[in-house]
C-alpha cells in the first residue's frame, strides 16, 4: 500500500495560523513584513544549509563577508539533515520567533513551500541577483504567478561513471544511443559484476528513461496537476528501465540511494570491482579511483586520476545526443516570518555575488548564474556536467510534491517495476493515488 502524507495540508494550516497571529504587520503590497523591518544593525540572522554539500571554506566566506558588510550584525549557519529538512521547515517557518531567516532546500521541495506563502517575495531583487542568467528550471520551481520566492543556489548533474578497462576488454565503446547503452551494460553483467549498478527503488536515476522517451511524471492544467504515468511515452520509458535493471544490475530491488561509486573501486589488491558502470552526480568523482594520501595524511581516492581505468560519459538519448536526466541541486529563500528581512536580503546579495558564485564552481558545485560556470573548469568532468545539466529536467512543481517524496511513493512504484510487475497496470494504479497527492489532497 502506498503511504499517504498530510504534510502539505498540515503546513497550510500552520502557516494560516501564523498569518493570523498578529506578530507582524501587513506591508503595502499585502505581504507580511516584520515589525523590525528597518533594523539592520546589531542583529543576528540564521542560515540553514542542507547537508554537507557547502564546504566549510564557503561557509566561512559567508560568515566573514556578512560581518564585514553588515557592521554589528552576525550570520549564524546551522546545518540541517536532508532526511528531516521538510519536517523541520514545516515547524520552523511559521514561527516568527524561531524561524531561520534564510534556508536552503531541495529544488523538488521548493514548490510545496512557495505555493503557500512560506517565503518572502524577492521579485524586486531578481534582476540584481542575476535575472535571466539564473537557472530557468530552478527559478520556475521557486516562482508562483510570475513572482520569485526561492532562487537557485547550486546545481549538480548526473552522468555515467564507468570502468573503461572493463568496457575496453569486452570490446565495447561509449554508446551513442540509449538502446546501445542498454545492450552494452546487459552484455557486461555476470554473477559477480553489475554491468550497470542500480537499486530497484532508485527512481531519481530511473526517471531519465522516462524523460528520454518523451514522457512526463505529471502535467498541469491551470492549477490542477495530473499524474501521467499511463501516458504511452512514460510507459515506454518505464518498460525500458525495467528491462535494463533486470538485465544489467545485481543490486536488490529494495535498495535506493546506494553508494554506487564504491562498486567501481577495487576493494584491495587482487580484488575486482562490483560494477562496470554507475550513474551518479558529478561530485561522486572524488569517491572513485586509487587510494592515496592527502596533505592532512588522510587516505582518500584520487578522483579517477588513472584515465586508462576510469571514464565518464553522458547518458545518451534515444536517437543520440544527451538524455534528459534529473537535475540535482538546491534553491534558497528568505522566510516570510524573518525578523530581519533586510539583512536576509543582504545575505542573498553575497550568495549571488561573482565572488561566491565562482567559489561554488571552484568547489565542484554548479553556480546558479550561468555567467560563472567557467569556474567549474574545462576538463571532461566540467564539460560533461554542464552539458548534462543543460539537458536536465526537474520533477513536477506541484504543491504536494514534498508530500509525495515524504511518502516514498515512487520508491514503491519503481520497486514493483523492478520486481517484474506489469508496468501498464502499475501506472494506472499509481496515477489514481498520485493525482490527489500532487494537488495537496490527502
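What follows draws every value from the coordinates through simple rules; no lab data is involved. On a predicted model such as this, the values are computed, not experimentally measured, just so you know. With ideal geometry, Cβ positions are generated from the backbone for all residues, glycine too; neighbour counts draw on all protein chains shown.
Structural remarks
- Spatial separation of Cα centroids for region 268-347 and region 86-161, in angstrom: 22 Å
- Where only C-alpha atoms are counted, convex hull volume of region 54-93 per residue in Å³: 75 Å³
- For region 210-326, projected area of the alpha-carbon convex hull averaged over all directions, nm²: 11.1 nm²
- Cα-based helix-to-principal-axis angle, 178-188 vs the chain, degrees rounded to 10: 60 degrees
- Projected area averaged over orientations for region 255-402, convex hull of C-alpha atoms, nm²: 13.4 nm²
- Pairs of C-alpha atoms in the chain farther apart than 43 Å represent 15 percent of all such pairs.
- Whole-number D in µm²/s for region 81-125 (Stokes-Einstein; Kirkwood sum over Cα pairs; 4 °C, 1.567 mPa s): 114 µm²/s
- Here the contact order of the chain, divided by its residue count and restricted to Cα pairs under 8 Å and six or more residues apart, works out to 27 percent.
- For the chain, modelled as a GNM whose springs connect Cα atoms under 10 angstrom apart, the maximal fluctuation among 339, 80, 69 occurs at 69.
- A Förster distance of 25 Å, applied to the separation of the beta-carbon atoms of residue 419 and residue 186, puts the FRET efficiency at 0.90.
- Fully extending the segment from residue 63 to residue 132 would add 22.1 nm, taking 0.36 nm per residue of separation and subtracting the current Cα-Cα distance.
- Between residue 76 and residue 174, the modelled label-to-label distance comes to 4.9 nm, taking each label 7 Å out from Cα in the direction of the beta carbon.
- Interatomic Cα distance distribution for region 43-118, bins of 5 angstrom, percent: 3, 14, 25, 23, 17, 13, 4, 0
- Order by protection proxy (mean Cβ within 10 Å, highest first), peptides 177-190, 324-337, 370-383, 144-157: 324-337, 144-157, 177-190, 370-383
- Region 313-373: relative contact order in percent, alpha carbon pairs under 8 Å with at least 6 residues between: 16 percent
- Over every Cα atom in region 84-159, the radius of gyration and the widest Cα-Cα span, Dmax, amount to 12.8, 43 Å.
- Of the peptides 159-166, 351-358, the ranking by mean beta-carbon count within 10 Å, highest at the top, reads 159-166, 351-358.
- Percentage, to the nearest whole number, of Cα pairs in region 131-198 over 15 Å apart: 64 percent
- Among 289, 52, 215: highest mean-square fluctuation, GNM of the chain, C-alpha pairs under 10 Å: 52
- 0 to 90° range, to nearest 10: angle between helix 203-212 axis and the chain longest Cα axis: 80 degrees
- Region 186-253-region 47-64 distance, computed between alpha-carbon centres (Å): 34 Å
- Nearest-ten-degree value, helix 380-390 long axis tilted from longest Cα axis of the chain: 60 degrees
- Contact order for region 28-184, expressed relative to its length and based on alpha carbon pairs under 8 Å spaced 6+ residues apart, stands at 18 percent.
- Spin-label zone in region 125-157 - amide nitrogen under 17 Å from a point set 7 Å from the Cα of residue 43 along the C-beta vector: 125
- Cα gyration tensor shape of region 179-220, rounded if a/c is under 1.5, else prolate or oblate by comparing a/b with b/c: oblate
- Residue 378 versus residue 291: modelled label distance in nm, points set 7 Å from Cα along the beta carbon direction: 3.7 nm
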